[in-house]
Amino acid sequence: MLMRMNGNLKLLLPSPLHELKDDLFIEKKIKVFFKRDDLIHESISGNKWRKLKYNLEASEGRTIVTFGGAYSNHIAASAAACNYYKVNSIGIIRGERPKKMNNTLLLAEKMGMKLEFISRQEYKTKNSSAFLEKVKKKHENPFIIPEGGANQQGLRGCTEVIDELPSDFNYIVTAVGTGATIAGISMGLKKEQKAIGIVVLKGAEYLKDEIDDFIFNGSKENTDTKYVLNHDYHFGGYAKIDDELIQFMNDFYLKHQIKTDPVYSGKSLYALYDMIKKDMFPPHSKIIYYHCGGLQGIEGMEKRYGIELFPNTDN
Ligand SMILES: *Cc1c(COP(=O)(O)O)cnc(C)c1O
């Protein structure tokens, strides 16, 4: 059990589930339900909380060392969660310290996370035993959580998403970065259910093997019946966008008052609609759209691309 809470953190768990009404779904004779992990907490992104939960428990109060890019949802979530549990945290950030710190990094520091910037070259070696040995020497007895919270504890937390859902759905659709979320979800599915992962990186064909390793620890069982990865909706690559995506996200928000983020949930939701339009789900399918969160990253993307998402709101 985690004991050292300071009491300020309110997590909305289990997260809400609701049906989304849309003429398209009526036309195609399907039902779509939203699992709202975006509502768990404003700076602890939904699936990042799932992945941190058992890591924090396993850390038993040791200093957390973890990794991410300058806009990382995982860094923001780790900093906020460690602050809540009064655990020291260190974020190893890809790239040089920016001259002007962005909001993700400023917030992480405000939460007490110490940031260490390493070159992109060195960051590539972050999972090597040589690099990890260096980290262990520098910080006394740290608990190291890989980038994105992608380890077995992380998977275990993600499997709990399924426990919070009714058991009679056919498909669950979610965004895929490291693949830990879809691996954890797949482990919780019944035989006749399937997860569909929308990969947000370009050319990430290696993910299938990595996810299979996550689920079966290397044994080559056939996992195709549990989940599939769709590589058609990366929009040019990680954190790449185009006008159509932004237009879709804004239109969807105007219609349903639900925000998505341009890196993950915007792409997976766009994909869901496109797949439905292309009749990739049989009539009478019951589909869960898993909204992982990620909204803390919106501001960084707006600045980077000089765009405005959800005009006339104070996102
Ligand atoms: C990190 C993240 C993902 C990707 O999760 P993985 O477990 O790395 O595949 C998807 N959506 C959002 C909003 C995220 O922050």
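Okay, here's what the table says:
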item: I90 long-range amide H proximity, modeled H, under 5 Å; result: I64, V65, T66, K114
item: Check: the range 82-220 dipole with +1 on Lys, Arg Cβ and -1 on Asp, Glu Cβ, in debye; result: 700 debye
item: Estimated 222 nm signal from helices in the chain, with DSSP H stretches of n ≥ 4 weighted -39500 (n - 2.57), rounded to 500; result: -11000 deg cm²/dmol
item: Given charges at beta-carbon only (K, R positive; D, E negative), |dipole| of the range 65-153 in Debye; result: 200 debye
item: Percentage relative contact order, the range 46-149, counting C-alpha pairs under 8 Å, at least six apart; result: 36 percent
item: Cα-based Kirkwood hydrodynamic radius, the chain, one decimal, Å; result: 20.0 Å
item: Electrostatic dipole magnitude of the chain [Cβ: Lys, Arg +1; Asp, Glu -1; Cα centre; debye, to 20]; result: 860 debye
item: Taking the chain and dividing mean pair separation by its residue count, relative contact order in percent (alpha carbons under 8 Å, at least six apart); result: 22 percent
item: Amide H within-cut-off set for T223, under 5 Å, with H built and near neighbours excluded; result: none
item: Highest to lowest packing among 232-243, 293-304, scored as the average C-beta count within 10 Å; result: 293-304, 232-243
item: Cα centroid of the range 158-206 to Cα centroid of the range 28-69, whole Å; result: 14 Å
item: Virtual paramagnetic centre 7 Å along Cα→Cβ of L254, amide N under 12 Å, in the range 290-315; result: 310-312
item: Bridge type composition, the chain - antiparallel percent by DSSP, nearest 5; result: 10 percent
item: Listed residue (P146, L132, G294) projecting farthest to the positive dipole end of the chain, Cβ model; result: L132
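All of the numbers you see were taken from the coordinates with simple rules; none came from a lab. Keep in mind the model is a prediction, meaning the values are calculated, not measured. Ideal geometry is used to build each Cβ from the backbone, glycine not excepted, and the neighbour counts take in all protein chains shown.
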